[in-house]
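**Q** Provided herewith is a single structure, encoded as structure tokens, for subsequent inquiry.
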There are 2 protein chains.
Amino acid sequence: MKIIVDAMGGDKAPLEIVKGAALAVQELNVNIVLVGDEKKINRIISENNLSDILNKNTEIVHTEKVITMEDDPVSVVRANKDSSMGIALKMLADDKTDEYGALVSAGNSGALLAGATLIVKCIKDIKRAALAVVLPFERKTLLIDAGANVDIKAEYLKQFGFMGSIYMKKIFGIESPTVGLVNNGAEKSKGTAEHVEAYKLLSETKTINFVGNIEGSDITMRPSDVLVTDGFTGNIILKLTEGFGSFMGKKLKSMFLKDIFTKVSAVLVKDSMNEFKKSLDPAEYGGAPFLGVKKPVIKAHGSSDARAVKNAIRQAKFCIDTKLVEEIEIQSQINK
Amino acid sequence: MKIIVDAMGGDKAPLEIVKGAALAVQELNVNIVLVGDEKKINRIISENNLSDILNKNTEIVHTEKVITMEDDPVSVVRANKDSSMGIALKMLADDKTDEYGALVSAGNSGALLAGATLIVKCIKDIKRAALAVVLPFERKTLLIDAGANVDIKAEYLKQFGFMGSIYMKKIFGIESPTVGLVNNGAEKSKGTAEHVEAYKLLSETKTINFVGNIEGSDITMRPSDVLVTDGFTGNIILKLTEGFGSFMGKKLKSMFLKDIFTKVSAVLVKDSMNEFKKSLDPAEYGGAPFLGVKKPVIKAHGSSDARAVKNAIRQAKFCIDTKLVEEIEIQSQINK
């Protein structure tokens with residue numbers, strides 16, 4: 001089965017995307033379809049001596065059009081349907097012979113969500129696709145929804161709960177993942193009316209190992225394998241976490257540059273520091289899937305380099321190999 | 001004018017509260033009324049040799065009852081109205097002669113909010129009282145609402161905008177404070193329908209220097225003097241920030257304890273590190289007011305020590321001296 005890669009999406013496209021695809025072919029034994037500008041892609045292949053790696057296992061579907069960060073997301077369905085992302089989505093949606101297993105893009109997130117929902121479409125009885133992102137704290141915690149839907153409904157939160165559980169089980173091998181609801185207090189009466197109702201639904205759903213409400217102060221300590229929230233709150237949590245990372249980086253840098261003693265200190269602690277920085281780097285964790293869609297659609301970070309693209313392709317491969325979508329289909333019927 | 005202090009509220013009450021009151025009397029030239037268990041308070045005064053400081057400028061209003069963290073917040077109005085917090089709130093509300101200027105408590109936040117709203121009551125035409133907290137980043141940023149109201153309405157957000165502006169102007173001397181709306185993207189179409197409407201209202205309000213939507217990733221960089229949000233999102237931002245501080249503390253500690261080189265490094269960087277820790281310490285910034293209430297009600301952190309209590313009392317004194325409430329009353333009529 002082939003993985004479709006949007007070669008033109010992302011801040012460092014197409015160079016880092018093509019290099020990432022080559023890394024994936026080398027290390028992960030996958031077949032790739034690159035969608036994008038054939039001339040540019042071929043130039044990158046020859047300039048970086050990637051033809052031995054890519055020519056055998058990779059096809060290129062040509063288009064010159066790209067959907068940019070400024071384009072209206074929904075334009076991927078009409079005005080920009082012939083962009084690399086639009087064509088990639090259509091190939092995945094129209095595939096009748098299971099030729100294509102999944103799609104990876106580092107492009108416009110809103111357009112990818114719109115395309116996943118409107119072109120590839122949601123699984124039967126799944127109300128909303130949700131973005132599932134692994135937070136870079138002590139141990140892996142899945143934040144779902146990390147930004148796809150701003151509106152909050154108890155029924156969506158319940159579905160995010162079982163979709164997140166399936167993902168953590170399938171992809172990270174956690175047997176009965178714990179699920180918490182992000183809320184402004186521990187008691188079940190906390191939050192809005194939708195939170196109170198969601199607490200009830202999550203408690204009652206047998207296939208969800210619900211551990212209750214999780215407060216903001218507990219998020220860094222990984223109180224559950226899955227953190228359920230609406231896409232507005234999830235977006236704030238995710239971006240605030242990214243912001244903290246760079247804020248701390250700057251603060252530490254100025255701390256170490258203060259005088260000759262702190263400069264010596266910086267040299268002594270360098271290895272430890274790099275390890276620490278790496279643990280907070282989102283590129284380590286690969287892409288983030290839109291769960292609830294009929295086929296795996298993986299969003300790679302907009303600033304993805306080759307290594308991040310490769311990790312996102314690995315994530316896509318895991319989703320295919322573990323039959324993630326099929327399991328969500330089954331659970332969406334059980335938990336209807 | 002006297003400042004009423006709930007002597008029994010907080011994890012370290014009454015010891016640290018009484019010591020904090022003594023610090024305030026010494027350093028800030030204020031008169032204090034301590035509400036709480038007279039015997040316990042007097043024992044602390046004598047054991048800590050505070051009688052010279054406190055006896056002249058402090059009265060004690062006796063009650064043995066305390067509202068705990070486990071008590072239902074609304075009980076402060078009825079079942080727990082004779083608790084130290086309940087009596088303190090009633091004294092502030094019933095004061096006809098301007099004897100009492102403000103109230104400080106480190107006790108049950110929910111109860112203090114309920115009491116502020118139901119006993120002291122909101123200013124005319126202010127829909128909701130909001131908790132205003134200074135975030136510990138590069139420069140001072142006021143988060144409003146940091147947790148009082150979980151429901152979001154555009155009209156509330158507009159009022160939080162001008163109340164926060166007045167606070168930053170009066171207390172921190174910022175001439176025309178910039179106001180941003182926490183949202184999941186920069187465009188004015190972002191967020192829920194209430195966010196879109198709030199963007200419009202904030203733009204149209206002449207006394208608010210609105211600078212647009214602020215994303216989570218920008219919060220640590222202080223993109224505006226005032227950050228407007230609903231109390232649910234605000235609670236998550238505030239607590240996640242606190243959690244991130246202690247997470248980083250632990251991470252850095254383990255980084256420095258790794259081997260002999262990193263241990264030497266820790267010694268070299270110690271002063272810098274302490275300064276950095278201090279800048280992230282909420283106790284540095286004193287208490288957080290519930291804005292929109294008829295008289296200043298200041299929430300001190302539950303874990304407040306004497307220094308934090310003193311800083312909260314200083315905050316209360318600033319609110320009185322700068323006629324904060326009177327200014328909010330005027331603006332609530334102008335911006336009706």
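**Q** Let me understand the range A:95-143 better: what is its radius of gyration from the alpha carbons, and its Dmax, in angstrom?
**A** 13.7, 42
**Q** Put the label 7 Å from Cα along Cα→Cβ for B:Lys278; what are its distances to the other copies, in nanometres, shortest first?
**A** Distances between equivalent label points, in nm: 3.6.
**Q** Measuring from a point 7 Å out along Cα→Cβ, what nm distances, shortest first, does A:Asn29 have to its partners in the other copies?
**A** 8.1
**Q** Could you pull the copy-to-copy label distances for A:Val61, with points set 7 Å along Cα to Cβ, in nm to one decimal and sorted shortest first?
**A** Taking the point 7 Å beyond Cα along Cα→Cβ, the inter-copy spacings are 7.4 nm.
**Q** Could you pull out every residue, at least 5 positions away or on a different chain, whose amide H is within less than 5 Å of the one on A:Ile214? Hs are placed 1.01 Å off N in the peptide plane, and Pro or chain starts have none.
**A** Excluding prolines and chain starts, which carry no amide H, the hits are A:Leu181, A:Val182, A:Asn183.
**Q** Can you pick out the pairs among A:Lys250/B:Lys263; A:Lys299/B:Lys251; B:Lys153/B:Lys190; A:Lys19/A:Lys253 whose Cα atoms lie more than 20 Å from each other?
**A** A:Lys250/B:Lys263; A:Lys299/B:Lys251; A:Lys19/A:Lys253
**Q** So for the protein assembly as shown, what percent of the C-alpha to C-alpha distances run longer than 36 Å?
**A** When every Cα pair of the protein assembly as shown is considered, 46 percent fall beyond 36 Å.
**Q** Which residue of chain B is nearest the rotation axis onto chain A, counting by its Cβ, and what is the distance in whole Å?
**A** Measuring from each Cβ to the axis, the minimum is at B:Ser265, 2.
**Q** Then there is this: Which net charge results for the neighbourhood of B:Asn108, defined as the other residues with beta-carbon distances under 9 angstrom from its beta-carbon, given Lys and Arg at +1 and Asp and Glu at -1?
**A** Result for the local shell: -2.
**Q** Work out from phi, with θ = phi - 60° and the Karplus expression 6.51 cos²θ - 1.76 cosθ + 1.60, the ³J(HN,Hα) of each residue of the range B:67-80, listed in order in whole Hz, and give x for Gly and Pro.
**A** 3J(HN,Hα) across the range B:67-80, in whole Hz: 8, 8, 5, 7, 5, 4, x, 5, 4, 4, 7, 10, 4, 10.
**Q** Relative contact order for chain A using alpha-carbon pairs under 8 Å, separation at least 6, rounded to a whole percent?
**A** Relative contact order for chain A comes out at 23 percent.
**Q** Let me ask something additional. Identify which of A:Val264, A:Val74, A:Val25 has the largest mean-square fluctuation in a Gaussian network model of chain A, with springs joining Cα atoms closer than 10 Å.
**A** A:Val264
**Q** For the range A:58-209, just list the percent of Cα-Cα distances falling in each 5 Å bin from zero outward, please.
**A** P(r) for the range A:58-209, in whole percents per bin: 2, 8, 15, 17, 17, 15, 12, 8, 4, 2, 0.
**Q** Rounded to the nearest 500, what is the 222 nm mean residue ellipticity of chain B from helices alone, with -39500 (n - 2.57) per DSSP H run of 4+ residues and division by all residues?
**A** For chain B, the value works out to -14000 deg cm²/dmol.
**Q** While we're on this one: Show the residues, 5+ positions off or on another chain, whose built amide H is closer than 5 Å to the amide H of A:Tyr100.
**A** A:Lys2
**Q** Please give the length that would be gained between A:Val74 and A:Val61 if that part of the chain were fully extended, namely 0.36 nm times their separation in residues minus their C-alpha to C-alpha distance (nm, one decimal).
**A** 2.4 nm is the gain from fully extending A:Val74 to A:Val61.
**Q** Taking loop as defined by DSSP and a crowding limit of 11 other beta carbons within 10 Å, which GluC sites (Glu not before Pro) in the range B:1-91 fit?
**A** Passing both the DSSP loop test and the Cβ count: B:Glu70.
**Q** What do you get for GluC sites (Glu not before Pro) in the range A:131-178 restricted to DSSP loop and a cutoff of at most 14 other Cβ within 10 Å of the site's Cβ?
**A** Taking the range A:131-178 and a limit of 14 other Cβ atoms within 10 Å, the loop GluC sites (Glu not before Pro) found are A:Glu138, A:Glu175.
**Q** Still on this model: Hey, what's the Cα Rg ratio for the range A:1-60 versus the globular rule of thumb, 2.2 N^0.38 Å?
**A** Cα-based Rg divided by the globular estimate yields 0.97.
**Q** How big is the Rg/Rh ratio for the range B:202-245, C-alpha atoms only, Rh by Kirkwood, two decimals?
**A** 1.01
**Q** Mind jotting down a quarter of the surface of the convex hull over the alpha carbons of the range A:135-258, in square nanometres, one decimal?
**A** In nm², the orientation-averaged hull projection of the range A:135-258 is 8.1.
**Q** Just to check I understand the Karplus step: with θ = phi - 60° and J = 6.51 cos²θ - 1.76 cosθ + 1.60, what whole-Hz values come out for the range B:310-322, glycine and proline as x?
**A** 4, 5, 5, 5, 4, 4, 4, 4, 4, 4, 5, 4, 8
Computed from the coordinates by the stated procedures, all read-outs in this text should not be read as laboratory data. For clarity, every value in this text was computed on a predicted model and none was experimentally measured. Note that we place each Cβ from the backbone using ideal geometry, even for glycine, and neighbour counts take in every protein chain shown.
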